[in-house]
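Each remark here refers to the structure printed beneath this line.
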Number of protein chains: 2
Amino acid sequence: MGGASEPRSECPINAAVEAFGDRWSLIVLRDIVFGDRRYFRELQTNSIEGIASNILADRLKRLVASGLLTREDARPGQRARYSLTEPAIQLVPVFVQLGSWGIRHRPTSSALNAPAVLLEQGGPALWREFMDELRREHLGSELLARSPSVRERLNAAYLAAADSS
Amino acid sequence: MGGASEPRSECPINAAVEAFGDRWSLIVLRDIVFGDRRYFRELQTNSIEGIASNILADRLKRLVASGLLTREDARPGQRARYSLTEPAIQLVPVFVQLGSWGIRHRPTSSALNAPAVLLEQGGPALWREFMDELRREHLGSELLARSPSVRERLNAAYLAAADSS
DNA sequence: ACGAGCGGTTGCAAAACACAAGCGGAAGGG
DNA sequence: CCCTTCCGCTTGTGTTTTGCAACCGCTCGT
């Protein structure tokens, strides 16, 4: 379980696939990035896809091992918080493109689309703002300014779309 | 085997994960898009990750079933050509972001990086040009202009990087 | 008739996945 | 103290997917 076992190739796309190319890793990361879930139970019980606890435990371990998440302490029996690392935060553009593609080419819910639409329309400037926000929340320095956050706007778009549907 | 079995959710990101979120689908598509491989044996024997023939057969079937590829005829014993569909061509921005991420955050080969770097620097204008090129090659209308193609430039970049390493 | 090339299939073992149940530690209340 | 609740998982079971190697029927050029 310990180690990265020989990459299949040195292709950057293959590297990405090896890091999170399975049916759950991106879903977990999505819930942390967009859903602001940072604890095991939160991730499990609020999962719309219904992830099983053993799979979640395994993915969290792997994502920590591969440097996409960090796990903050917690002695047994206590809440352990997961945080995004800089590499994980830089997945935002990947998520945006995946979301844009999904909206265009698969049947999806307009409510769940709303955040993706907003990010697409906001363009790279909005992505960067969101990434800065994630850095503030996940990489120390939890202080700093408070204007309506990008995630709050994304959630507002979701709720508005959910209400009207 | 026939049908799309109930999506786990209507989230656009989940839709993308369900369509090609496994260890091989994106690799196969990458080889078709960037490597210009359109036949089974080409895909199998030139695969740098070494895909097994049964996995390749299964992925091609699935990608056809989910509308990302088309398979042109071929009675048994004859070459069957696979072509990208419009949804698959629109994965180019996804590939670009995955490649950018891989370069930045994983150990990769500078030769295999070169095309990704070029696409990143070229920006959306170059992506669109490449997508138009793919449309010409894969969606009928195989005619039209001939300036040095984007893929040729990507390959040139790869070869240059491979030589000097 | 023959060999090479074509797109696969088959069998088998190992790994990953899904589902349900349970577990030891910690925290809160009576 | 005891009891309940919540915490992050682990365990056990059966099913599905993967990886590896061998093999198959067909067609085409010679």
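The values are calculated or read from the model by the stated rules, or taken from the named source; none is laboratory data. Just so it is clear, the structure is predicted and the values come from calculations on it, not from any experiment. Note that we place each Cβ from the backbone using ideal geometry, even for glycine, and neighbour counts take in every protein chain shown. What goes into the accessible areas is simple: the full protein's heavy atoms, side chains included, and nothing from ligands, DNA or RNA. Shrake-Rupley method; radii C 1.70, N 1.55, O 1.52, S 1.80 Å.
Tabulated data
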| read-out | value |
| --- | --- |
| Residue list for the range A:35-61, restricted to those being closer than 25 Å to residue A:135 by Cβ and near DNA strand C (Cβ under 9 Å from one of its atoms) | A:59 |
| Exclusive hit being open to solvent by less than 30 Å² (accessible area, probe 1.4 Å), more than 9 Å from chain B (Cβ to nearest Cβ), under 18 Å from residue B:18 (Cα atoms) and at pLDDT 95 or above, set A:29, A:98 | A:29 |
| Test: residue in the range A:113-128 that is within 30 Å of residue B:67 (Cβ to Cβ), free of Cβ contacts under 8 Å to residues at least 60 places away in the same chain and within 16 Å of DNA strand C (Cβ to nearest atom) | no |
| Residue B:103 being at the interface with chain A (Cβ under 7 Å from one of its Cβ atoms), open to solvent by 30 Å² or more (accessible area, probe 1.4 Å), in a helix (DSSP H, G or I) and out of contact with any Leu (no Cβ under 8 Å at 6 or more places or on another chain) | yes |
| Of residues in the range B:40-56 being exposed (fewer than 13 other Cβ atoms within 10 Å of the Cβ) and either part of a helix (DSSP H, G or I) or more than 9 Å from DNA strand D (Cβ to nearest atom) (or both), the one farthest from the other protein chains (Cβ to nearest Cβ) | B:41 |
| Out of A:139, A:56, A:63, sole residue that is over 30 Å from residue B:92 (Cβ atoms), among the aliphatic types (A, V, I, L, M) and in the same structural domain as residue A:21 (by TED's automatic domain parsing) | A:56 |
| Residue A:74 part of a loop (DSSP other than H, G, I, E, B), of a type outside the set (S, T, N, Q), outside the structural domain of residue A:137 (by TED's automatic domain parsing) and more than 24 Å from residue B:112 (Cβ to Cβ) | yes |
| Some residue of the range B:4-14 being closer than 30 Å to residue B:129 by Cβ and more than 12 Å from DNA strand C (Cβ to nearest atom) | yes |
| Residue within the range B:9-17 that is more than 24 Å from residue B:78 (Cα to Cα), more than 16 Å from the chain's Cα centre (by Cα), touching a residue at least 24 places away in the same chain (Cβ under 8 Å) and part of a loop (DSSP other than H, G, I, E, B) present | no |
| Breaking point among (1) away from chain B (no Cβ under 11 Å); (2) modelled with pLDDT of 95 or more, for residue A:85 | (1) |
| Number of the condition not met by residue B:6 [criteria: (1) in a helix (DSSP H, G or I); (2) out of contact with any helix residue (DSSP H, G or I) (no Cβ under 6 Å at 6 or more places or on another chain)] | (1) |
| Filter result (within 14 Å of DNA strand D (Cβ to nearest atom), open to solvent by less than 30 Å² (accessible area, probe 1.4 Å) and within 14 Å of another protein chain (Cβ to nearest Cβ)) within the range B:60-81 | B:63 |
| Out of B:35, B:21, sole residue that is under 12 Å from the mean Cα position of the chain (by Cα), open to solvent by less than 60 Å² (accessible area, probe 1.4 Å) and without any contact (Cβ under 8 Å) to a residue 12 or more places away in the chain | B:35 |
